[in-house]
Amino acid sequence: MVVRLIIGWLITIVGLGFAGVRIRWLVRLVQSGQPTTGRTADIGARVWAQVTEVFGQRKLLKWSIPGLAHFFTFWAFVILLTVYLEAYGSLFQSGFAIWWGIGSWPPLGFLQDAIATLTFCSLIVFAVIRIRQNPARIERKSRFFGSHLGGAWLVLLLIFLVILTMFLFRGSSAALGTFPYKSGAWVSIGMGHALSGIGTAGLEVLETVALLAHLAVAFGFLILVLHSKHLHIFLAPLNVTTKRLPDALGPLLPMESDGKPIDFEDPGEDDTFGRGTIADFTWKGMLDFETCTECGRCQSQCPAWNTGKPLSPKLLIMDLRDQLTSEAPYLLNGKEDHEFTALVGKKEDGGVIDPDVLWACTSCGACVEQCPVDIEHVDHIMDMRRHQVLIESEFPTELGTLFKNLENKGNPWGQNNSERMDWAKDLGFEVPVLDGEIPEDVEYLFWIGCAGAFDDNARKTVRATAELLHIAGVNFAVLGKNETCTGDPARRSGNEFLFQMQAQETAENLNALFEGREPVQRRIVTTCPHCLNTLGREYPQLGGNYTVTHHTQLLNALVRDGKLTPVAPADAASVTYHDPCYLGRHNKVYTPPRELAGATGARLTEMPRHADRSLCCGAGGARMWMEEKIGKRINVERVDEALATEASTVVTGCPFCKVMISDGLTQRQSEDKGAGVDVRDVSQLLLEAVHRSQPAESTAEQG
Amino acid sequence: MVSRLGYQCAYCGLRVRLEGDPRHPGHGVVEELTKSGEPMTLPGLEVLHRFCASALRAGSGGDTMLRRAWLGWVTDRFEASRPRRHFGIRHYSRLGLHPARMRAPRLFRKHWQVRKMRCAALASHYYANAR
Ligand code: SF4
Ligand code: SF4
Ligand SMILES: [Zn+2]
């Protein structure tokens with residue numbers, strides 16, 4: 001008894017000592033990051049995130065089989081703490097039971113054994129997944145490609161040993177008659193029966209050895225966890241608690257230096273502009289890097305990775321973590337005299353993140369949506385782009401043209417503003433153009449957007465929407481040639497300065513336009529999800545508060561209210577719906593466009609990747625304006641998926657998606673695939689259906 | 001309104017001042033731009049800021065943001081020196097920065113970029129409602 005007490009405490013002290021050193025190092029490292037704000041506000045929502053995401057494993061359960069396996073393993077960590085309490089008690093007193101009768105209560109014994117058994121089954125599931133997803137065999141298709149594989153297997157082994165030693169310890173004490181649970185703990189008691197053949201002396205030795213091994217495995221596990229990706233066991237709850245609320249999608253954060261927003265009119269010359277080195281990241285960024293579990297869920301969803309490009313959100317986070325580790329000594333002591341490595345650059349020039357990686361991101365948010373530990377990939381990528389553009393002036397050459405067009409002409413196409421109303425020609429009714437304050441009886445400002453104004457394909461959407469609003473009797477007006485770009489392409493390409501210039505001007509003008517109206521009455525409707533996101537969710541950062549609606553939301557409400565009456569055709573067309581990232585994942589609008597498509601009588605067949613797992617069209621993140629030279633084109637990948645549904649029409653709700661998918665389809669049709677298939681906006685389908693009830697009013701061209 | 005009233009400078013795209021001190025670098029002047037070779041301007045008479053006209057004659061080039069930054073810098077200088085009735089625009093191309101006077105020469109690039117943004121932001125605001 002004394003020997004086992006001494007050895008037990010030795011194991012504990014040595015284990016805790018090693019763990020303590022490592023924990024202190026990690027805490028100091030994360031604290032060396034820049035300050036950031038808004039990570040503790042709204043405690044209620046944070047507690048709820050903790051309950052649903054950590055204890056409820058909400059995000060993991062999106063993937064049912066591995067999610068369930070992880071659910072059991074997580075709860076085993078919680079429930080088996082009681083077994084560890086019993087193990088420590090047994091160091092002092094043979095047959096120790098948790099006080100107040102809890103430790104002999106059969107349901108607890110049952111729960112302990114049940115969760116351990118379920119975890120054992122989960123380990124088998126994990127092993128099978130790892131074998132099936134072996135990167136050595138399926139390479140990039142594996143979500144574990146690039147992850148540390150050895151460590152993962154070692155952890156599975158250690159969890160197995162935790163369970164094995166637990167049952168040996170409990171089984172031998174059951175056989176010895178010192179096991180506190182007389183029923184309930186069915187595996188342990190069964191094990192006791194199996195071991196009863198060994199004599200008492202043998203059982204006593206077995207019990208002691210199993211108990212000490214049980215403790216030793218736990219500390220071995222603890223130390224391994226603190227030095228590996230399994231750190232997430234401790235960090236994930238922290239990371240989830242300090243995440244962006246409600247999630248790291250939608251608006252980008254304003255640029256901050258030292259925890260304060262940068263005022264471009266009076267920036268400090270030592271301010272940090274974006275993130276150029278690892279030392280520029282905030283503590284939340286550093287916590288993100290340390291928390292990554294290398295599960296590869298993000299990688300498996302990334303459109304760039306899935307089309308053969310070098311960007312994988314997982315590998316990007318892992319590279320940043322490795323850089324954090326390698327520069328940790330300088331972050332911890334002596335930041336001042338050390339020149340930190342520039343992050344973005346080719347490997348051969350000592351770079352950490354290849355420019356091809358950085359600029360491949362479409363900001364689609366699929367990674368953020370899937371990440372079970374709430375890592376904020378898009379923010380980190382955009383912050384590095386900001387540094388490249390604002391300080392290094394290094395960006396793909398095509399973006400130079402984009403910036404020039406935005407600066408000189410106020411739109412990415414470089415068209416003259418005088419052409420902004422060309423879409424409304426021959427519409428058959430007058431579209432009121434505002435000049436000055438918005439009249440009281442005008443309900444909606446119809447924000448056309450640059451695509452709607454200048455792109456032929458998008459003009460059809462805008463025309464159809466205008467006509468539908470007209471038919472429904474909605475009183476709307478437009479800004480005509482007084483509209484300019486909201487700044488989305490500038491912001492997503494890292495040119496935060498240009499975004500601020502454009503957005504401030506537009507916000508000031510919109511505020512003047514809506515003067516005297518409450519934000520809920522400042523209604524804007526737009527056909528472009530990027531404008532929706534920027535006007536509705538980024539302009540509040542600049543003091544512009546409006547109620548912005550996507551046209552599919554408004555049209556859906558009009559159909560429900562009976563203001564529009566679509567009539568289904570005799571033979572229902574089969575359609576498939578492509579979710580625009582900035583409508584779906586970034587702004588959570590999934591049902592209205594689908595309901596609208598349904599209202600037109602179309603038969604909807606979903607693509608395998610849809611709703612929150614939808615695949616990007618390839619245009620977001622200012623990729624629309626860059627060439628796509630590496631791998632398969634993302635839009636072609638998406639078109640292939642759409643064609644596989646055998647739908648005759650691909651519908652969507654974003655002018656950029658429409659352009660990209662139309663381009664992809666044209667390419668496939670030139671290869672004799674997808675003949676007769678077309679791409680339309682939901683509003684075009686609706687207009688056609690509404691025209692069936694009132695053919696005389698048809699004027700808008702269909703396409 | 002989201003409108004661009006007034007005259008825009010053919011060189012930097014910001015509005016020109018037509019009232020006040022004619023020596024102001026942002027005061028509007030009319031120039032013939034036949035030899036400029038600038039894609040954004042058509043041959044003929046164009047309105048420019050007084051400073052932009054001289055920068056254009058000096059062949060300073062630069063993208064729009066840099067042109068605005070230069071204008072912002074000289075406007076700032078002009079405003080600062082007004083009480084002394086003395087105004088010079090030397091070093092405008094470096095926006096008043098001297099690599100030799102820097103803590104570390106490698107910082108020049110960063111400081112220059114930051115100064116450029118600051119001056120361009122200043123000019124954009126200063127001339128947003130110019131008349
Ligand atoms: S935002 Fe989209 S493209 Fe960018 S890394 Fe994440 S999944 Fe990949
Ligand atoms: S970033 Fe998130 S989703 Fe991607 S590998 Fe890491 S933990 Fe998994
Ligand atoms: Zn000028």
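Values quoted throughout were computed directly from the atomic coordinates according to the rules given, and no laboratory measurement underlies them. Since this is a predicted model, take the numbers as computed values, not measurements. Every residue, glycine among them, receives a Cβ derived from its backbone with ideal geometry; neighbour counts consider all protein chains shown.
Structural remarks
- Charging the Cβ of each Asp and Glu at -1 and of each Lys and Arg at +1, and nothing else, the dipole of region A:594-683 about its Cα centre rounds to 140 debye.
- The angle separating the long axis of helix A:81-92 from the principal Cα axis of greatest extent in chain A is about 20 degrees.
- By the beta carbon rule, with partners counted only under 4.7 Å, chain A holds these lone Cys residues: A:Cys121, A:Cys292, A:Cys295, A:Cys302, A:Cys361, A:Cys371, A:Cys450, A:Cys485.
- Dipole of the protein assembly as shown [Lys/Arg +1, Asp/Glu -1 at C-beta], most positive-end residue of A:Ile471, A:Leu231, B:Met65: A:Leu231
- Its Cα centre serving as origin, region A:447-555 has a Cβ charge dipole (Lys and Arg +1, Asp and Glu -1) of approximately 240 debye.
- Local net charge near A:Ile262, Cβ-Cβ under 15 Å (Lys/Arg +1, Asp/Glu -1): -3
- In region A:562-697, a dipole from Cβ-located charges (positive for Lys and Arg, negative for Asp and Glu) runs towards its positive end, and of A:Leu583, A:Ala568, A:Leu596 it is A:Leu583 whose Cα lies farthest in that direction.
- Surface/4 estimate of mean projected area, convex hull on alpha-carbon atoms of region A:410-559, nm²: 8.4 nm²
- Chain A: angle of helix A:313-326 to the longest principal axis, Cα-based, in degrees nearest 10: 60 degrees
- Per residue of chain A, the DSSP helices (runs of n ≥ 4 H) give a summed -39500 (n - 2.57) that works out to -15500 deg cm²/dmol at 222 nm.
- Of the residues A:Leu343, B:Ser81, A:Leu26, the one whose Cα sits farthest towards the positive end of the charge dipole of the protein assembly as shown is A:Leu26 (charges of +1 on Lys and Arg Cβ, -1 on Asp and Glu Cβ, taken about the Cα centre).
- Point-charge dipole on Cβ atoms (K/R +1, D/E -1) for the protein assembly as shown, about Cα centre, debye to 20: 1580 debye
- Over region A:562-697: Rg over Rh, Cα atoms, Kirkwood Rh: 0.98
- Per principal axis, descending, Cα span of chain A in whole Å: 99, 68, 54
- In degrees, nearest ten, helix A:456-472 long axis to first principal axis of chain A (Cα): 80 degrees
- Centre separation in Å (Cα based) which lies between region A:244-274 and region A:48-106: 41 Å
- Restricting attention to the protein assembly as shown, close to 25% of DSSP beta bridges with both partner residues there are antiparallel.
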